[in-house]
Amino acid sequence: MTLREVSGFAIGGLSGGEDKAEFWRAVKLSTERLPPHKPRYLMGVGYPTDLVVCVALGCDMFDCVFPTRTARFGSALVPEGSLQLKNRRFAKDFRPIDERCSCPTCQRHSRAFLHALLRTDPAALHHITLHNIAYQLSLMGAARESIVERRFPAFVRGFLRQRYGGAEGGPPQWVRDALASVGIDVD
């Protein structure tokens, strides 16, 4: 395939529940063998940590149902993980999903409004979907900007601190191993 004159390459057959240690190794193996000057598209990958790790491993583009599917369950993506807006604790929380987000949902609706709307109106799912897609776009835009500005390793460390800062032991071992394989130390 690499000898053919094509616009880019798709990597597929992953994100089907395989072990994360196998997942990142298969991605790395693929990107190492594909021409670096052609786009490398990783199909079906959309968890925020997976996106950041796979960018580090050499992937350029992604698609996934994750931000929309998770919205259908009332889950809103935030830098620290996700908010389950169906939970009672959001009933009187009048902050936006993410105060740093400029999406229409965060600009117009509170967590409390979305919590109440989730009980009666499927429009809540659309609002959360808009936010989740905006979150993913913002994350990938920040990753791209950090690459252009030659500060991607610092971006990765900042992302992981925000995502796993409170978690015991920090990022999962597979993340540490994958990033170490491309020279990014997360400690």
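The values are calculated or read from the model by the stated rules, or taken from the named source; none is laboratory data. Small disclaimer: the values here were computed from a predicted structure and weren't measured. Reconstructed Cβ throughout: ideal geometry from the backbone, glycine too, with neighbour counts over all protein chains shown. Only protein heavy atoms, including side chains, enter the accessible area calculation; ligands, DNA and RNA are left aside. Shrake-Rupley method; radii C 1.70, N 1.55, O 1.52, S 1.80 Å.
Here are the numbers:
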{"item": "Free-standing Cys, the chain [no other Cys Cβ under 4.7 Å]", "result": "C64, C103"}
{"item": "Rounded accessible area per residue of region 1-96, 1.4 Å, Å²", "result": "56"}
{"item": "More than 14 Å apart - percent of Cα-Cα pairs taken over region 14-57", "result": "46"}
{"item": "Under-5 Å amide H pairs with A10, H placed in peptide plane, nonlocal only", "result": "Y41"}
{"item": "Hull shadow area, averaged, the chain [alpha-carbon convex hull, nm²]", "result": "11.7"}
{"item": "Segment H126-Y41, extension gain: residue separation times 0.36 nm, minus the distance between their alpha carbons", "result": "27.9 nm"}
{"item": "Net dipole in debye of region 139-187 [+1 Lys, Arg Cβ; -1 Asp, Glu Cβ; about Cα centre; nearest 20]", "result": "160"}
{"item": "Region 61-187: relative contact order in percent, alpha carbon pairs under 8 Å with at least 6 residues between", "result": "22"}
{"item": "Low-density loop positions, chymotrypsin sites (Phe, Trp or Tyr not before Pro), region 62-150 - DSSP coil, at most 11 other Cβ in 10 Å", "result": "F94"}
{"item": "Tail beyond 23 Å, pair distance distribution of region 1-92 (Cα, percent)", "result": "36"}
{"item": "In sequence order, calculated HN-Hα J values of region 45-52 (Karplus, 6.51, -1.76, 1.60; Hz; x Gly/Pro)", "result": "10, x, 5, x, 4, 4, 4, 4"}
{"item": "Accessible surface of the chain [probe 1.4 Å, protein heavy atoms]: carbon and sulfur percent", "result": "53"}
{"item": "Ratio of the Cα radius of gyration of region 59-140 to 2.2 N^0.38 Å, where N counts its residues", "result": "1.03"}
